[in-house]
1. Under 1.5 on a/c is rounded, so check that first for segment 87-150, then, if it is not, pick prolate when a/b is larger than b/c and oblate when it is not; a ≥ b ≥ c are the square roots of the alpha carbon gyration tensor eigenvalues.
2. With θ set to phi - 60°, apply the Karplus curve 6.51 cos²θ - 1.76 cosθ + 1.60 along segment 15-32 and write out the HN-Hα couplings as whole Hz, x wherever there is a Gly or Pro.
3. How about segment 64-166: which GluC sites (Glu not before Pro) there are in a DSSP loop, with at most 12 other Cβ atoms within 10 Å of their Cβ?
4. Find, among the trypsin sites (Lys or Arg not before Pro) in segment 131-209, those assigned to loop by DSSP (not H, G, I, E, B) with at most 13 other beta-carbon atoms within 10 angstrom.
5. What do you get for the angle between helix 42-73 and the principal long axis of the chain? Use alpha-carbon atoms, 0 to 90 degrees, nearest ten.
6. Give me the percent of accessible area attributable to carbon and sulfur for the chain, probe 1.4 angstrom.
7. Between 0 and 90 degrees, rounded to the nearest ten: what's the tilt of helix 184-216 against the longest Cα principal axis of the chain?
8. Output the 0 to 90 degree angle, nearest 10, between the alpha-carbon long axis of helix 149-179 and the longest principal axis computed from the alpha carbons of the chain.
Amino acid sequence: MSETLTNEQQAFKELREDIEVMMQAVLSQLSKAQEMLQTLDKDLALEILHIEKKINSMELGIDKACENILALYSPLAMDLRMTLAILSISNQLERIADHAAEMAIYVNENVFSAKFSKKTLEAVQFNLMFETAISMIDDAIYSFVNEDTKIAKWVFGKDHTINKVNKESIPIITEFCKKNPKHTTEYLHLFSIIKKIERIGDLAKNIAEETIFFVDAKIVKHKKKKQKV
């Protein structure tokens, strides 16, 4: 015979289920965005924009659920940390979805006249950067769902890869613009996409930080190094 949950337990259960659904929606959206940018598939762009609207709705629902829990149950300790973490994570996920939607708008509005060549994408390490960002989101999701701070800390290491690729892309794209001035606008939009991927990595770090705060009661964000005496 299954144990009957109290109203408070049911509210927390539904909240966790809702944030996990939102996480998977964002992860799916990013995977579609990577394919869309390689193929310039407008159908994928429209699908990504449609998912973004759903994610916005999910965020509003989660915000309301968190407000209700705080008002009705006054949670303490770990329950309070979990509620606050989910409130923040839903915001980070919505911002990731916004970046994916902005990429979709580029494709939907024909910003690119033709697909970028394989050589161009390899030069800026596009797939490495995008796959690393998706992996970071995946790790951040796994760490939250399984309350595994070890996996959450993997996210910080992977962010170095994204930052390195982002930095290296600047002189490469500058050189592309010099050699093909007619396509300067398109190259600048490609650089904008790279910056969005870099920002997605930062948001993945924020999610990992919230998981560590929730599970270990440690605040990684803005942590200062101890000064030597």
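1. Details: a/c = 4.82, a/b = 1.68, b/c = 2.87.
Judged from the Cα gyration tensor, segment 87-150 comes out oblate (a/c at least 1.5, b/c at or above a/b).
2. Once θ is set to phi - 60°, the couplings for segment 15-32 become 5, 5, 4, 5, 5, 5, 5, 5, 4, 5, 5, 5, 4, 5, 4, 5, 4, 5 Hz.
3. Working: sites: GLU67, GLU94, GLU102, GLU109, GLU122, GLU131, GLU147; in loops: GLU109, GLU147.
Answer by residue number: GLU109.
4. Loop-located and lightly packed - none at all.
5. 20
6. Carbon with sulfur: 54 percent of the solvent-accessible area.
7. Approximately 20 degrees, to the nearest ten.
8. 20
The values are calculated or read from the model by the stated rules, or taken from the named source; none is laboratory data. Bear in mind that the values here come from a model prediction, so they are computed numbers and not experimental data. Cβ sites come from the backbone with ideal geometry, for glycine too, and all protein chains shown count toward neighbours. To get the accessible areas, we keep the full protein, side chains included, count just its heavy atoms, and leave off ligands, DNA and RNA. Shrake-Rupley method; radii C 1.70, N 1.55, O 1.52, S 1.80 Å.
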